[in-house]
Structures are given as structure tokens and as C-alpha cells.
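Trainee: The structure's right below; bear with me while I get my questions together.
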Amino acid sequence: MANHNFDSEASIRDARLKGYTVEKILTEFGVKPASNRQWKSFECPFCHCKKANVFPHEGIRLFKCMFNACSSDGKAMAEPQLIARLSNLTDREGFIQYLKMAGVWKDVGKIPLKHPTSNIQTEARPATPTATERPANGSLPEA
């Protein structure tokens, strides 16, 4: 059963407050900043060209390789997506791995994939005909 009280944004904030930034993730995967210790024009972990950058965007820092032919497809990535890409995981698996690496993962059951107010059934129940659903002759269908 899904835990509808899981707050993914709060979990990511907690991980970042513990210092698990894009730069830390890159370092843990063996990527180093440029020789001037800046995270600009450093070697990309995907294409190995020295065109990778870490830059601020809306209050967070993102990774992006500026080389057009890079296998990262020119996408800017936050920590979970970066981990997913570096580890050959799905985005969801990368998100969970990020929280585990930061020590903020709480095993809360399944993380909901849909908004909690959706009408998706979580458990399948066998259909049992009611009296009004029975055939006119009153017999139940053969199993």
C-alpha cells in the first residue's frame, strides 16, 4: 500500500542540506572539477569532453554537458537524474538511490506514482456477482 504522506520535495531538500549536491555526487562517482577547481569546462563523465558544467538554476545546481554529441542529450540534470544516468537506473530508482546515499531514505512503502486522489485501485478483488447480477435462471456461471 502506498504511503500518501511521502514528501519528495522535502526529502530532496533534506539531502541537499546534508551536503549531497551535484558536485558531491560527481565526486563520489570519480568525476573531478577542472584543474582550477571549478565545476566549469570539466571532463564529462558521459562523453569525456571537457565541456561539462555545473550551474545554478532556480535555487539549485544542475549538471549539463555542452557537447552536442554527448550521450547525456544536452539535458540539465539535478542529483537524482544524474545518479540515474551514471548508474544506468530509471529516474525513480535514481531518486531512491540519491536519498539512500544522503542518509535520508525512509522505507515508507511504495512512493506513489500518481497523485493520492487518483481513482486507481491498489488491490485487485475478485468479482463476485451479487443477487442482482446473477443470470435470470438463478445459477452461477461455471468456474
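The values are calculated or read from the model by the stated rules, or taken from the named source; none is laboratory data. For clarity, every value in this text was computed on a predicted model and none was experimentally measured. So basically every Cβ, Gly included, is an ideal-geometry build from the backbone, and we count neighbours across all protein chains shown.
Trainee: For segment 82-98, what are the residues that are out of contact with any Gly (no Cβ under 6 Å at 6 or more places or on another chain) and free of Cβ contacts under 8 Å to residues at least 40 places away in the same chain?
Mentor: Scanning segment 82-98 gives 85, 87, 88, 89, 90, 91, 92, 93, 94, 96, 97.
Trainee: Looking at segment 52-76, which of the residues that are aliphatic (A, V, I, L, M) and touching a residue at least 24 places away in the same chain (Cβ under 8 Å) is surrounded by the fewest Cβ atoms within 10 Å (Cβ to Cβ)?
Mentor: 60
Trainee: Kindly indicate the residue of segment 91-111 that is part of a loop (DSSP other than H, G, I, E, B) and in contact with a Lys or Arg (Cβ under 9 Å, 6 or more places away or on another chain) and also surrounded by the fewest Cβ atoms within 10 Å (Cβ to Cβ) among those meeting that condition.
Mentor: Ranking the candidates gives 103 first.
Trainee: Still on this structure, please answer the following. Quick check, is residue 35 surrounded by fewer than 15 Cβ atoms within 10 Å (Cβ to Cβ), more than 20 Å from the chain's Cα centre (by Cα) and farther than 28 Å from residue 103 by Cβ?
Mentor: Spelling it out, residue 35 is indeed surrounded by fewer than 15 Cβ atoms within 10 Å (Cβ to Cβ), more than 20 Å from the chain's Cα centre (by Cα) and farther than 28 Å from residue 103 by Cβ.
Trainee: Another question, if that's okay. Could you check residue 97 against (1) modelled with pLDDT under 90; (2) touching a Leu at 6+ places or on another chain (Cβ under 8 Å) and say which number it fails?
Mentor: (1)
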